[in-house]
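Worksheet for the structure shown next.
The values are calculated or read from the model by the stated rules, or taken from the named source; none is laboratory data. All figures in this text were calculated on a predicted structure; none of them were measured in a lab. Positions of Cβ are generated from backbone atoms using ideal geometry, with glycine treated the same way; all protein chains shown enter the neighbour counts. The area values use the complete protein model at the heavy-atom level, side chains included, leaving out ligands, DNA and RNA. Shrake-Rupley method; radii C 1.70, N 1.55, O 1.52, S 1.80 Å.
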Amino acid sequence: MRVCTHVGIGLVVVAAVLGGSAASISGQVLRSSEEAAEFPHASLACKLKMGSITEREVGSPSGTLCDATCSVLATLKGHLGKQVQITFRHHANGPHNPGMDTVKEGEVYVVMLRGKTSPYEMFAVIKAVDAVVEPTFGTRPGERLLAELVAMWKSNDPKMRIAAIEQMGIIRDRRVSEEVIAAAKDKDAETARAGVIALYRMKIAPDAKRVMELFNEQIMEVWYQESGEPQEDDKGEKIWRRDAGHTFLERGLPDFDYATYVREGIKKEWVRKDDQTLYMFFGVPWKVQRKECVPELVKLLDDPDKRVRWWAVLCLTHTVDDVDRPQWEEYEPREGEELAKWRKWWKEKGDDFMADTATQRSKPDIFLRHGHSP
């Protein structure tokens, strides 16, 4: 999907890295699934009880430098004794590190440390349960963390529960799918929101109606990020679809109802607030190219907002013809022609298009490997 600009519309792609807004207070130790197995970003990882905190460099632009000697309750990666000396900064400049500014003496945390000798620098932290947690999933660092997250989910601390579910989603290990499914059904909206996001990241389709009940910018950004991922079969081969004379790389989740996403999402006033939000919202149907979205996109040809009408045409063209056009500069002066063309197509060919559900899924042949339709 190309980005286009003109006097009235300026579209800018934002690569958002999301943690949960509510869970940020409790912390975060993983930012991507690539970190989840062996913690390559950390020299050591452990669960500790925070000792007395000594503050230095108070008021420094680099943040307050803190030192503490902590009791080690469990080691997740590396080798540590019963105590570890750490250093960290409160209110430091640079990227926000969730949970770091709220670390307190006497609290229990899972932490990531770096350095070759003591004191080790603590650079990531998440509040954890006091109890000893057995490594029920295995003894690799990520598996030990997974067990800690399950214990956190079972706690009575709402912020800790949300943080645990968010981290499970980033890890993407389906062995904790039961916990994530339960979170998605929770009565608390923030917990449920973390649950549906984690399910989507784990490639388990959440209920679309539930998603749209909880729909906010955080969900939209995650759907935008994740929906472009190609589907794979059991052998790790990408899945291709041949439909209406075109070849499509299957993206998104096969069982998620993207038509409901389009129909209910565009009703939200905040989705229409600016061009960037519309870009991210419509980026989802644009990426997945699902036939079931077509009737909803056709309805939007009559939307009072010209920007929405353009996105409807752009997504229709990409879904039906697999073409990335018309960009705004060519659409604006001939909007009437574009709208008339798609209304006519829907009237004359829409039923046949929707009825033709026979698609072929197969490994890419030589043409597909090079990005060409046969």
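For this structure, a couple of remarks:
- Values of log10 I(q)/I(0) for the chain across q = 0.07, 0.08 Å⁻¹ run -0.40, -0.51, by the Debye formula with one identical scatterer at each alpha carbon and no solvent.
- Semi-axis lengths, Å, segment 33-127, gyration tensor of Cα atoms, sqrt of 5 times eigenvalues: 20, 16, 12
- With a 1.4 Å probe rolled over the protein heavy atoms of all chains, the accessible area of W346, W240 falls in the order W346, W240, largest first.
- Rounded to the nearest 10 degrees, the angle from helix 141-153 to the longest Cα principal axis of the chain is 90 degrees.
- Total formal charge among the other residues, if their Cβ is under 10 angstrom from that of L300, Lys/Arg +1 and Asp/Glu -1: -1
- Between the amide H of R242 and those of F248, Q360, distances stay under 5 Å, these residues lying 5 or more places away or on another chain, with hydrogens modeled in the peptide plane.
- Equivalent ellipsoid semi-axes - Cα gyration tensor, segment 171-283, angstrom: 23, 21, 11
- Rounded to 10°, Cα long-axis angle of helix 158-171 versus longest principal axis of the chain: 60 degrees
- Taking the C-alpha atoms only, the angle from helix 275-288 to the longest principal axis of the chain is near 80 degrees.
- Neighbour net charge for M122 - beta-carbon separation under 10 angstrom, K R +1, D E -1: +1
- Environment charge of C46, counting only residues whose C-beta is closer than 12 Å and scoring Lys/Arg +1, Asp/Glu -1: +4
- Pairs of Lys residues in segment 248-358, spaced 8 or more positions apart or belonging to different chains, with C-alpha separations under 22 angstrom: 25 in total.
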